[in-house]
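The values are calculated or read from the model by the stated rules, or taken from the named source; none is laboratory data. Worth saying up front: this structure is predicted, and the values here are computed from it rather than measured. Neighbour counts run over all protein chains shown; Cβ positions are idealised from the backbone, glycine included.
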């Protein structure tokens, strides 16, 4: 599956991750961007490290992207926010 496909899946996964992880986030746009990063990371890890075949637009690919997006969103939300002085 190409990078463009992972970006499209990442858009969906980022939105879903934002819906699943309600609370003090950075907003839907940031969740979608983090979802794209999470989808790319999840796809790489699933294929390269765990040997899970992911490709095409199917449930397995969406779940891998969603898990990656949730992990990235959780990490970013756990970081302390900067405050201006």
Item checked: Contacts under 8 angstrom Cβ, first residue in region 56-85 being over 12 Å from residue 35 (Cα atoms), partner modelled with pLDDT under 80 and part of a helix (DSSP H, G or I), 6 or more apart -> 56/5; 57/5
Item checked: residue 73 out of contact with any strand residue (DSSP E or B) (no Cβ under 7 Å at 6 or more places or on another chain) and outside any helix (DSSP H, G or I) -> no
Next item on the list: Just need a number here: residues in region 4-28 that are part of a helix (DSSP H, G or I) and closer than 14 Å to residue 76 by Cα.
Entry: 4
Notebook entry, point to check: So which residues in region 31-48 are more than 12 Å from residue 67 (Cα to Cα), surrounded by fewer than 23 Cβ atoms within 10 Å (Cβ to Cβ) and either in contact with a helix residue (DSSP H, G or I) (Cβ under 8 Å, 6 or more places away or on another chain) or touching a residue at least 24 places away in the same chain (Cβ under 8 Å) (or both)?
Noted result: 32, 33
Item checked: Residues of region 61-80 that turn out to be out of contact with any helix residue (DSSP H, G or I) (no Cβ under 7 Å at 6 or more places or on another chain) and farther than 16 Å from residue 11 by Cα, as a count -> 6
